[in-house]
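Asks: First, the structure itself, so that you have it in front of you.
The values are calculated or read from the model by the stated rules, or taken from the named source; none is laboratory data. All values reported here derive from a predicted model rather than from experimental measurement. Glycine gets a Cβ as well: all are built from the backbone with ideal geometry, and neighbour counts include every protein chain shown. Heavy atoms of the whole protein, side chains included, go into the accessibility calculation; ligands, DNA and RNA do not. Shrake-Rupley method; radii C 1.70, N 1.55, O 1.52, S 1.80 Å.
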2 protein chains.
Amino acid sequence: MPAITYELIKTCKQTGARLGKVHTPHGSFETPIFMPVGTLATVKTMSPEELEQMNAKIILSNTYHLWLRPGEDIIQEAGGLHKFMNWDGAILTDSGGFQVFSLSDLRQIEEEGVHFRNHISGEKLFLSPEKAMHIQNALGSDIMMAFDECPPYPAEHKYMKDSVERTSRWAERCLEAHNRTDVQGLFGIVQGGEYEDLRRQSAKDLTSMDFAGYAVGGLSVGEPKDVMNRVLDFTTPLLPTDKARYLMGVGSPDSLIDGAIRGIDMFDCVLPTRIARNGTCMTSQGRLVVRNAKYARDFSPIDPNCDCHTCKNYSRAYIRHLVKANETFGFRLTTYHNLHFLLKLMEQVREAIREDRLGDFREAFFEQYGFNKPNAKNF
Amino acid sequence: MPAITYELIKTCKQTGARLGKVHTPHGSFETPIFMPVGTLATVKTMSPEELEQMNAKIILSNTYHLWLRPGEDIIQEAGGLHKFMNWDGAILTDSGGFQVFSLSDLRQIEEEGVHFRNHISGEKLFLSPEKAMHIQNALGSDIMMAFDECPPYPAEHKYMKDSVERTSRWAERCLEAHNRTDVQGLFGIVQGGEYEDLRRQSAKDLTSMDFAGYAVGGLSVGEPKDVMNRVLDFTTPLLPTDKARYLMGVGSPDSLIDGAIRGIDMFDCVLPTRIARNGTCMTSQGRLVVRNAKYARDFSPIDPNCDCHTCKNYSRAYIRHLVKANETFGFRLTTYHNLHFLLKLMEQVREAIREDRLGDFREAFFEQYGFNKPNAKNF
């Protein structure tokens, strides 16, 4: 029995979106699902109990960050990432590839791997498929990601083709190096940018190998939303129906719904937690910047339609006061609300799939949220 | 029936320490007690639920800070401080006097009150007994403090005498201005520095007025610990036995015990929360700086003898990692632990008074904590 399996429950007759279930060594969860990001073995400002309370089933942690701090050896000695951070739900770790390409300096890509400088200390480091597997095996995440190259947007066809081919060769090496297949599943990452032929080539290469699931990478890197949707339109049909599909780095409410409609099962993004620490909240009426002066005497909740702990107990005026004074508790309250909002949204998406009405749900949600307005200020 | 009453349960035969009970409109609590400080209507990093979980019964908030941000009018509109911050336990507010003297610039003391500059905006402000009462009445705290002058240490006898006399005149004006006596009690503050005659004069003046309780002010402002203890030795006997006694700004474990032995019932201090945000923890074996490299692979709890949520679930290695990476959750864990430590210590102190063995408890605690060692690194 593989560590990670996917069970397709049903397909929405109105949209083609998938309702499914992913089974992991740390519990099962229904999909489509949103995964809060806990970069450094903590979802910023939150406790594991709060994540549980908001019904998070799986979180994401970053291999690159944990490799640098505190080091995967310390986490391994602690008994793995779950034990280290006191989180008994499922964990997905990325491969470190994205951070190497987005955070580090002076990177040099070779067939063997990537040389670069640590973004904190400036120290010279090297990451390869083998090293990325070694670190993730030490962390003990339920779902590991293959080490890939994530090229910038836009990238030329020639560059992208070379990159896709290298990513496929690296994928094979990842499968080879992964040595805890009994308790950890490895996902491959389909790249290819906006080029249909390259997405096709990447998907063909990777689906010929035995991955536990497939991610669509290289999106949400600056391209317009219609490009993302178009790429998903021609990419997800290339993926097997009996394995989970994960759209990396996507967390705006509209893209979560549009991704689900295109057959995506899993999503992650720092968006809800990052904007929360700036005092910006996602609400059923669109986004709300609680710092604004107009909320100084507003004693209503962040979102009157929300039943989260923050909205049941605290006012916009109080949260504004805390955020303005840079008080941690304010960021706890906004973070809790935003994560709850996305987790609840995905629950509604699953319900809509179950009832074959995700298209209707999308229309109503976009209308209420303001995504349909011209020049809507989205995320 | 006054808003705040004190009930003496018993006196420790070994030390003279008092076991008592304070009744407030937001619940009763046994004394001696420690009050966590929630300067800006939040105990930094903590939620009200966490404070409840650690058995905090009363917290302190700062009038000066809330006056400036968000403004007492907003809190009043919210329905008072308890409702604003979602805390249903008791609240004590200081008068703003201490902050005017410690934080502000260019202060000018007159009979009418104090002119000074806001430490954030530089704006010119004026605080007087009447203003301090007005703000605290708007905040709606259970226990209010009289507006006093808190002179620096050391201060000359002549200066201190003038100050004590002015503080007594201000105390009368506070009693006069306080207009919510049905739901808020007002404490007077005995000043006089290290001078016995002035403490006597101050206590005589204030106990001739009808305050709901009495604080000993002007200590823990830089004087050696034996000076503090000597001042308490001759000051607390001057206070009525049927009202609560509050030693302001004291929170180191040794001083809490030594204060209780000298008849003090209530304490507050930012120490446990402030050092927590620097990664320093109070433990049964003395203080522990969890940032230190030696804890990088230490998977034991902060304090093996502690049963708090932090110690039951998280290791030194994990907390060190979070604190080093400046992750909020690390400061939540250390703050929770330190507050729990002091609240538990006071529970043990009350138990020891009940059993007439606070002297023995002091000796054993000082020995284990290391306070008895020469050059002990205390707080």
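Asks: Under 1.5 on a/c is rounded, so check that first for the stretch B:285-347, then, if it is not, pick prolate when a/b is larger than b/c and oblate when it is not; a ≥ b ≥ c are the square roots of the alpha carbon gyration tensor eigenvalues.
Replies: prolate
Asks: Quick check: Cα centre of the stretch A:165-191 to Cα centre of the stretch B:194-233, how many Å?
Replies: A separation of 72 Å, based on Cα centres.
Asks: Also: Over the stretch A:1-74, what number does the Rg to Rh ratio reach, with both radii from the alpha-carbon atoms and Rh per Kirkwood? Numbers along the way, then the final one.
Replies: Numbers: Rg = 15.4 Å, Rh = 14.4 Å.
Taking Rh as the inverse mean 1/r over Cα pairs, Rg/Rh reads 1.07.
Asks: What average count of beta carbons from other chains do you get within 10 Å of the Cβ of residues in B:30-42? If you can, show how the numbers build up before the last one.
Replies: Values: counts 0, 0, 0, 0, 0, 0, 0, 0, 2, 2, 8, 6, 10.
Per residue, the number of nearby Cβ atoms from other chains is 2 on average.
Asks: Which distances, in nm and shortest first, link the B:Lys21 label point to the same label point in every other copy, taking 7 Å along Cα→Cβ?
Replies: 5.3
Asks: Taking the Cα atoms of the stretch B:1-125, report the difference between the largest and smallest coordinate on each principal axis, in whole Å and largest first.
Replies: Ordered largest first, the stretch B:1-125 gives principal extents of 51, 33, 31 Å.
Asks: For every other residue with a beta carbon closer than 15 angstrom to the beta carbon of B:Gly89, add +1 if it is Lys or Arg and -1 if Asp or Glu, then tell me the sum. All intermediate terms of the calculation are to be shown ahead of the outcome.
Replies: Working: positive: B:Lys21, B:Lys57, B:Lys83; negative: B:Glu30, B:Glu49, B:Glu50, B:Glu52, B:Asp88, B:Asp142, B:Asp268.
Local net charge: -4.
Asks: Can you classify the stretch B:99-161 as rounded, prolate or oblate using the Cα gyration tensor, where a ≥ b ≥ c are the square roots of its eigenvalues, rounded means a/c under 1.5, and otherwise it's prolate if a/b beats b/c and oblate if not?
Replies: Oblate.
Asks: Go through A:194-200, B:200-206 and give me the packing order, highest mean Cβ count within 10 Å leading. Intermediate results must be reported in sequence, preceding the final value.
Replies: On the way: A:194-200: 18.3, B:200-206: 21.3.
Going by the mean number of other Cβ atoms within 10 Å, highest first, we get B:200-206, A:194-200.
Asks: Specify the inter-centroid distance of the stretch A:79-94 and the stretch A:269-340, based on alpha-carbon positions, in whole Å.
Replies: Cα centroid to Cα centroid, the span is 28 Å.
Asks: Of all DSSP beta bridges located in the protein assembly as shown, what percent are antiparallel, nearest 5?
Replies: Of all bridge pairs located within the protein assembly as shown, approximately 50 percent are antiparallel.
Asks: Taking Cα centroids, how far is the stretch B:244-265 from the stretch B:56-74 in Å?
Replies: Result: 23 Å between the Cα centres.
Asks: Given the rotation relating A and B, tell me which residue in A puts its Cβ closest to the axis and the distance in Å.
Replies: Here the value is A:Thr328, 3.
Asks: Something else now. By a straight-distance test (C-alpha under 16 Å), which lysines pair with A:Lys344 as possible cross-link partners, with residues fewer than eight away in the same chain excluded?
Replies: A:Lys57, A:Lys312
Asks: Another question about this same structure. Most mobile of A:Lys158, A:Lys57, A:Lys44 per a Gaussian network model of chain A (Cα springs, under 10 Å)?
Replies: Checking each option, the largest mean-square fluctuation is seen for A:Lys158.
Asks: So, one more: Could you give the size of the charge dipole of chain A about its Cα centre, using +1 on the Cβ of each K and R and -1 on the Cβ of each D and E, expressed in debye and rounded to the nearest 20? Mind dumping the intermediate values first?
Replies: Numbers: 44 positive and 49 negative charges, 289 e Å.
The dipole magnitude comes to about 1380 debye.
Asks: Let me ask you something else. About the Cα centre of the protein assembly as shown, what is the dipole size in debye to 20, counting +1 per Lys and Arg Cβ and -1 per Asp and Glu Cβ, all else neutral?
Replies: 440 debye
Asks: Given contacts defined as C-alpha pairs under 8 Å and at least six residues apart, what's the relative contact order of chain A, whole-number percent?
Replies: Numbers: 766 pairs, mean separation 71.0, N = 379.
Worked out over chain A, it gives 19 percent.
Asks: Here is a further query. Wrap a convex hull around the Cα atoms of the stretch B:208-336, take a quarter of its surface area, and give that in square nanometres.
Replies: Projected area, direction-averaged: 9.6 nm².
Asks: For A:324-332, what's the mean count of beta carbons from other chains sitting within 10 Å of each residue's beta carbon?
Replies: 6
Asks: May I ask what percent, to the nearest 5, of DSSP beta bridges between residues of chain A are antiparallel?
Replies: The antiparallel fraction comes to roughly 50 percent.
Asks: In angstroms, what radius of gyration and Dmax does the stretch B:135-269 have, counting Cα atoms only?
Replies: Calculated on Cα positions, Rg and Dmax stand at 14.1, 40 Å.
Asks: Oh, and also: Putting +1 on Lys and Arg Cβ atoms and -1 on Asp and Glu Cβ atoms, find which of B:Asn179, B:Met144, B:Val164 reaches farthest to the positive end of the dipole of the stretch B:140-189.
Replies: Going by the charge dipole, the pick is B:Val164.
Asks: I'd like to know how the stretch A:50-92 sits against the 2.2 N^0.38 Å rule of thumb: what's its Cα Rg over that expected value? Can you show the working numbers first?
Replies: Numbers: Rg = 11.0 Å, N = 43, 2.2 N^0.38 = 9.2 Å.
Compared with the compact-globule rule of thumb, the stretch A:50-92 sits at 1.20.
Asks: Let me ask something else. Find the all-direction average of the projected area of the Cα convex hull for the protein assembly as shown, expressing the result in square nanometres with one decimal place.
Replies: With every direction weighted equally, the projected area is 34.6 nm².
Asks: Roughly how much of A:Glu156 is accessible, in Å² to the nearest 10, using a 1.4 Å probe?
Replies: Its heavy atoms expose roughly 140 Å² to the probe.
Asks: Place the label 7 angstrom along Cα→C-beta at B:Asn278 and in each other copy, then list the distances from the first to the rest in nm, shortest first.
Replies: Copy-to-copy label distances at B:Asn278, shortest first: 3.3 nm.
Asks: When the Kirkwood hydrodynamic radius is evaluated over all pairs of different C-alpha atoms of chain A, what value in angstrom, to one decimal, is obtained?
Replies: Hydrodynamic radius (Kirkwood, Cα only) of chain A equals 21.1 Å.
Asks: Another one. I need the per residue convex hull volume for the stretch A:156-234, using only the alpha carbons, in cubic angstrom as a whole number. Numbers along the way, then the final one.
Replies: Values: hull volume 7.2 nm³, N = 79.
Dividing the Cα hull volume of the stretch A:156-234 by its residues yields 92 Å³.
Asks: Compute a Gaussian network model of chain B, connecting alpha carbons closer than 10 Å, and tell me which residue from B:Ala260, B:Ala296, B:Ala317 fluctuates the most.
Replies: B:Ala296
Asks: Output, in nm with one decimal and in ascending order, the distances from the B:Leu106 label point to the matching label points of the other copies (7 Å from Cα along Cα-to-Cβ).
Replies: B:Leu106 label point versus its equivalents elsewhere: 5.0 nm.
Asks: OK, next. Tell me whether the stretch A:74-211 comes out rounded, prolate or oblate; compute the Cα gyration tensor, take square roots of the eigenvalues as a ≥ b ≥ c, and use a/c under 1.5 as the rounded threshold.
Replies: Working: a/c = 2.12, a/b = 1.35, b/c = 1.57.
Judged from the Cα gyration tensor, the stretch A:74-211 comes out oblate (a/c at least 1.5, b/c at or above a/b).
Asks: Relative contact order of the stretch A:86-184, please, whole-number percent, based on alpha carbon pairs below 8 angstrom and at least 6 residues apart.
Replies: In percent, rounded to a whole number, it is 30.
Asks: Give me a single rounded figure for A:76-83: the average over its residues of other chain Cβ atoms within 10 Å of their Cβ. Display every interim value, and only then the final one.
Replies: Details: counts 0, 4, 6, 2, 0, 0, 0, 3.
Counting Cβ atoms of other protein chains within 10 Å of each residue's Cβ and averaging gives 2.
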